[in-house]
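The values are calculated or read from the model by the stated rules, or taken from the named source; none is laboratory data. This is a predicted model, so every value here is computed, not measured. All Cβ positions, even for glycine, are placed from backbone atoms using ideal geometry, and neighbour counts span all protein chains on display. Ligands, DNA and RNA are stripped out before the accessible areas are found, and what is left, the full protein with its side chains, is counted by its heavy atoms. Shrake-Rupley method; radii C 1.70, N 1.55, O 1.52, S 1.80 Å.
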Amino acid sequence: MLTLIGSLLGFVSSALPDLMKLLKDRQEKAHQLLILDRQIEQMKLGHTFKIDELNLSADLEEKLAILKHDAALGGDTWVDKLRASVRPVITYAFFGLFTICKCCFLYILIFEQKVGVVHAVPQIWDTDTQALFGAVMGFWFGQRAIARFRPN
């Protein structure tokens, strides 16, 4: 009996260092995986910053190229003035047409269909009109601000 207990104790004591080695190896591997995960996160963050930097650099180069192109034209001819005014004139023309249409609809609602002003205005200034107006204002005045919130 004593021999059996001694043998069992010898077997357990000889397996104990290997068991400790396995536990230590497992902890080291888990630690290495944690380090690799952190390194991957840092690499992703670095790539995100690099992409943002490249986007800003491209925007700056585009703006500088546009300014250089416009400065090179610099004549006092009517063609250059017309070229510079095309977008604003078209925008003003469509905005004027839009305003005239909305005013006509308001006039029809108030004077021909006898709808009160309080009920007529919400009918012509609905959510679609607000979205359209917001898109135009955002295009002209908030292009940089919108670009900041645009997903990469």
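Anything in the stretch 78-96 that is over 25 Å from Met137 (Cβ atoms) and surrounded by 10 or more Cβ atoms within 10 Å (Cβ to Cβ)? List them, or say none. Let's see the steps before the verdict.
Taking the stretch 78-96 first, the residues over 25 Å from Met137 (Cβ atoms) are 78-82.
Within the stretch 78-96, Asp80, Lys81, Leu82 meet the criteria.
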Open item on the list: Given the condition among the acidic types (Asp, Glu), part of a helix (DSSP H, G or I) and at pLDDT 75 or above, answer yes or no: does some residue in the stretch 108-122 qualify?
Closed with: yes
Open item on the list: I'm told Asp52 meets every condition in (1) open to solvent by 100 Å² or more (accessible area, probe 1.4 Å); (2) under 25 Å from Gly138 (Cβ atoms); (3) modelled with pLDDT of 80 or more except one. Can you identify the failing condition by its number?
Closed with: (1)
- [ ] Only residues in the stretch 83-94 that are at pLDDT 75 or above count as the first member; pair them with residues that are open to solvent by less than 80 Å² (accessible area, probe 1.4 Å), Cβ under 9 angstrom, at least 6 apart or cross-chain, and list the lot.
- [x] Thr91/Val136; Phe94/Val136
